1. Please indicate, with yes or no, whether at least one residue in segment 39-52 is in a loop (DSSP other than H, G, I, E, B) and surrounded by 11 or more Cβ atoms within 10 Å (Cβ to Cβ).
2. Restricting attention to segment 53-62, which residues are more than 10 Å from the chain's Cα centre (by Cα), surrounded by 11 or more Cβ atoms within 10 Å (Cβ to Cβ) and part of a helix (DSSP H, G or I)?
3. What number of residues within segment 18-48 satisfy the criterion of being touching a helix residue (DSSP H, G or I) at 6+ places or on another chain (Cβ under 6 Å) and within 17 Å of residue 77 (Cβ to Cβ)?
4. Out of segment 4-21, which residues are modelled with pLDDT of 70 or more and either exposed (fewer than 14 other Cβ atoms within 10 Å of the Cβ) or in a loop (DSSP other than H, G, I, E, B) (or both)?
C-alpha cells in the first residue's frame, strides 16, 4: 500500500522525511511521483528544523558535532548543512564586539583554524 495513499496529515511524532524515504524504498510506490501534500509536509518540517537551529543556543560546529572534522561531507548535506547555514547566518548577525567575544569563548580547535575568518569574510 502506498505510504501517502490518501495523503493524511503527518503524525507529529513521525518524521515526515521518513515518509518520503518509505515512499522511495517501497517497490510499489518508488516510481510514482510524490504527492504534493507529502512535499509540503517535508518542506514544513525542514523549515521548522531550521527555525529551531536559529533559536537555540549558538555553538560552533566543532561543539555541535565534535567527531566531524571541517572537511567532513556531512557539513554539505542534511542536518550538518542546516546547522552550518543557521550558524553562519547567526555569526554574520553578531556585532563586532559580540563576534570577538564569541571567538574568544569558542576558539577554533586543531583542524578548524581559519574557520571564523573564512565565514566572516564571505
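1. Checking segment 39-52: not a single residue is in a loop (DSSP other than H, G, I, E, B) and surrounded by 11 or more Cβ atoms within 10 Å (Cβ to Cβ).
2. Listed by number, the residues that qualify are 54, 61, 62.
3. Residues meeting the conditions: 3.
4. 18, 21
The values are calculated or read from the model by the stated rules, or taken from the named source; none is laboratory data. Only a predicted model underlies this, so the values are computations on that prediction, with no experimental measurement involved. Heads up, the Cβs are rebuilt from the backbone with ideal geometry, glycines too, and the neighbour counts pull from every protein chain shown.
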